[in-house]
Amino acid sequence: MNRAATVLKDPAFARLKSAVIGATGLAYYADKDAALADRVSRRLAERGVPGLADYLAILDGEGPSGPEYQALINELTVGETFFFRYAEQFEALCAVAIPECLRRNEKSRMLRIWSAGCSTGPEVYTLEILLKRHFAEQLRGWQVSIVGTDINGSFLETARRGAYGNWAVRGLPPSVLAECFDRRDDQWVVKPRFREWTSFALFNLVEDRLPNYPRGLGALDVVLCRNVMIYFDEATRGRLLEGLHAALAPNGWLVVGHAETGPQVNALFTPVPVPGATLFRKPLPGVDPIAVLAPVPVPPEAAPPKAKPASKPSRTALVRRRPASTAPSTAPAPASDPVPPGLPAEGGDRAAALEAYLALAERNRLDPAVHYRLGLLEEELGVGDPVAAFKRALYLDSGFALADYHLALAYWRRGKLAPAQRHFRNARAAVAGLDGTDLVAEGGGLTVAELRSMIDLWFSGDEA
Ligand SMILES: C[S@@+](CC[C@H](N)C(=O)[O-])C[C@H]1O[C@@H](n2cnc3c(N)ncnc32)[C@H](O)[C@@H]1O
């Protein structure tokens, strides 16, 4: 019998498995006994330990900061990563999130970014490369920190060395390789000028306390936690998302992997769709991120008087001016029946929410915001006719910038590029001439300048 098979048959295997998943969050191994046994058997061989009971005794004796615990984690974690991975997410950060952080932090002149689950570090260096490439001028004199953390100490050693093989830089054009790396033997070594803001630390996202102020994590502007939560179960993901939410500054930005989006993220963060990617934004205090996505029934008697249709379309009808302070503490008031906070985000509840919203739209037929929110919900759930809902909103208020924007997105997702472009243009026209710091109504704190950057992303290719 080979070593892995022996480990699988060991009576203590179930205990070890549950201890491993509990300590790391790697529920990924819940149905991968053979893979887990194989990796654990390597540690047993290395330590010359005969069985799992003895091995568990070593782990218990050392505790989670001990060398054997760390060696086991190093065996178990999957560190696939490379430079500029999901380039469209980095483009979105540079086009929308970083400019917003620069405006928001112009007084403190601090920018704090956390790559949570950074593996060997390419994500972290990619950020510094892009910040230096696009924002060198604006960031002069700023205190910038890009902290990469991971549970795997050997990944972090590679990250600190900043030296990589061909696999980590795959797909990068020669010009980028020459700009960002020195060639040393057969390694690509990140140039010193792209290692000024980066640092790395051991951090267990499941067991360590978030936010971790002693390590300088807290009130962060941007958190990237990409391709980490896919290994966790739903409960662990939920706890982690709450922790990341707490660690972010109000209006801060979260980036997750493409496979990690969904109701759990939407329940805490406002999705901000940009071409090829969705960023997530921590709403300002008091703003419910999913008010537009998961409404609950509003009793008719609670509904305020119905809005009248604008006799003459007003381009600024749904845009409110941001208060004098740079960070507004309240969102724009909803333009129709108030939607209570703390709403359900999951399947059946969301179906009920859709029912409720259809009824709400029926009662508030002349309110553009209600049709707009219904469109968002239908688009999110993949039901109904969101295009029609956005069109109704625009019929009632032709200057409703976000309705134009989401109608354009809906067309774009359906491959209808000409109408998509037309409505992106309309959205841009709807906010033309407005102050960049004005808040876009129904935008959950989104400013006119941010909406402009989002729209401009769609015009950065052919149209230019
Ligand atoms: C697939 S890599 C993702 C790397 C990078 N974020 C990217 O998308 O390219 C997943 C990383 O999550 C780390 N990880 C897994 N469980 C963790 C935990 N409980 N705490 C911190 N990091 C963890 C792994 O060590 C691994 O480096």
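Could you go through the range 160-168 and let me know if any residue there is open to solvent by 30 Å² or more (accessible area, probe 1.4 Å), within 15 Å of the ligand (Cβ to nearest atom) and at pLDDT 95 or above.
Yes - at least one qualifying residue is present in the range 160-168.
Kindly list the number of the only condition in (1) under 23 Å from residue 277 (Cα atoms); (2) touching a Gly at 6+ places or on another chain (Cβ under 6 Å) that fails for residue 159.
That leaves (1) as the condition not met.
Considering every residue within the range 32-42, establish whether at least one is more than 27 Å from residue 235 (Cα to Cα) and open to solvent by less than 20 Å² (accessible area, probe 1.4 Å).
Within the range 32-42, one or more residues are more than 27 Å from residue 235 (Cα to Cα) and open to solvent by less than 20 Å² (accessible area, probe 1.4 Å).
May I ask you to say which residue of 88, 46 is touching a Gly at 6+ places or on another chain (Cβ under 7 Å) and not hydrophobic (A, V, I, L, M, F, W, C)?
88
Checking residue 187 against (1) open to solvent by 30 Å² or more (accessible area, probe 1.4 Å); (2) of a type in the set (S, T, N, Q); (3) in contact with a helix residue (DSSP H, G or I) (Cβ under 7 Å, 6 or more places away or on another chain): exactly one of these is not met. Which one?
Only one criterion is unmet by residue 187, namely (3).
Looking only at the range 175-184, which residues are open to solvent by less than 60 Å² (accessible area, probe 1.4 Å) and outside any helix (DSSP H, G or I)?
Answer for the range 175-184, where residues must be open to solvent by less than 60 Å² (accessible area, probe 1.4 Å) and outside any helix (DSSP H, G or I): 181, 182.
Output the number of the condition that residue 172 fails; it satisfies all remaining conditions of (1) farther than 25 Å from residue 228 by Cα; (2) part of a loop (DSSP other than H, G, I, E, B); (3) open to solvent by less than 40 Å² (accessible area, probe 1.4 Å).
Residue 172 satisfies every listed condition except (1).
Tally time: how many residues in the range 1-18 are surrounded by fewer than 16 Cβ atoms within 10 Å (Cβ to Cβ), of a type in the set (Gly, Ala, Ser) and within 38 Å of the chain's Cα centre (by Cα)?
2
Within the range 19-54, which residues are under 29 Å from the mean Cα position of the chain (by Cα) and of a type outside the set (A, V, I, L, M, F, W, C)?
Across the range 19-54, the qualifying residues are 22, 24, 25, 28, 29, 31, 32.
Among what's in the range 253-275 and is in a loop (DSSP other than H, G, I, E, B) and open to solvent by 10 Å² or more (accessible area, probe 1.4 Å), pick the residue that is modelled with the lowest pLDDT.
Pass one, the range 253-275, residues in a loop (DSSP other than H, G, I, E, B): 257, 261-262, 267-269, 275.
If we keep only those that are open to solvent by 10 Å² or more (accessible area, probe 1.4 Å) as well, we get 261-262, 267-268, 275.
Numbers: 261: 88, 262: 86, 267: 90, 268: 93, 275: 73.
Ranking the qualifying residues of the range 253-275, first place goes to 275.
Only residues that are over 11 Å from residue 229 (Cβ atoms) and either touching a strand residue (DSSP E or B) at 6+ places or on another chain (Cβ under 7 Å) or in a helix (DSSP H, G or I) (or both): list them for the range 240-252, please.
Residues satisfying the conditions are 242, 243, 245, 246, 247, 248, 249, 251, 252.
Which condition number in (1) outside any loop (DSSP other than H, G, I, E, B); (2) within 28 Å of residue 241 (Cα to Cα); (3) of a type in the set (Asp, Glu) is the one that residue 54 fails?
(2)
Against the conditions (1) hydroxyl-bearing (Ser, Thr, Tyr); (2) within 14 Å of the ligand (Cβ to nearest atom); (3) surrounded by fewer than 17 Cβ atoms within 10 Å (Cβ to Cβ), where does residue 231 fall short? Just the number, please.
So residue 231 meets the others, but not (3).
Which residue out of 399, 382 is open to solvent by 40 Å² or more (accessible area, probe 1.4 Å) and over 26 Å from residue 252 (Cα atoms)?
From the options 399, 382, the qualifying one is 382.
If you scan the range 137-154, which residues turn out to be part of a loop (DSSP other than H, G, I, E, B) and either open to solvent by less than 20 Å² (accessible area, probe 1.4 Å) or not assigned by TED's automatic domain parsing to the domain that holds residue 93 (or both)?
Those that are part of a loop (DSSP other than H, G, I, E, B) and either open to solvent by less than 20 Å² (accessible area, probe 1.4 Å) or not assigned by TED's automatic domain parsing to the domain that holds residue 93 (or both): 139, 152.
Only one of these is within 9 Å of the ligand (Cβ to nearest atom) and either open to solvent by less than 20 Å² (accessible area, probe 1.4 Å) or assigned to a loop (DSSP other than H, G, I, E, B) (or both): 96, 49, 78. Name it.
78
Residue by residue through the range 375-411, note down the ones that are touching a residue at least 60 places away in the same chain (Cβ under 8 Å) and either more than 23 Å from residue 267 (Cβ to Cβ) or hydrophobic (A, V, I, L, M, F, W, C) (or both).
376, 377, 396, 397, 398, 399, 400, 401, 402, 409
Looking for whichever is surrounded by fewer than 17 Cβ atoms within 10 Å (Cβ to Cβ), within 13 Å of the ligand (Cβ to nearest atom) and at pLDDT 95 or above here; the options are 123, 157. Which one fits?
Among 123, 157, only 157 is surrounded by fewer than 17 Cβ atoms within 10 Å (Cβ to Cβ), within 13 Å of the ligand (Cβ to nearest atom) and at pLDDT 95 or above.
The values are calculated or read from the model by the stated rules, or taken from the named source; none is laboratory data. Note that the coordinates shown come from a computational prediction; the quantities given were computed from them, not determined experimentally. Positions of Cβ are backbone-derived with ideal geometry, glycine not excepted, and every protein chain shown enters the neighbour counts. Accessible surface is based on the protein model in full, side chains and every heavy atom, while ligands, DNA and RNA are left aside. Shrake-Rupley method; radii C 1.70, N 1.55, O 1.52, S 1.80 Å.
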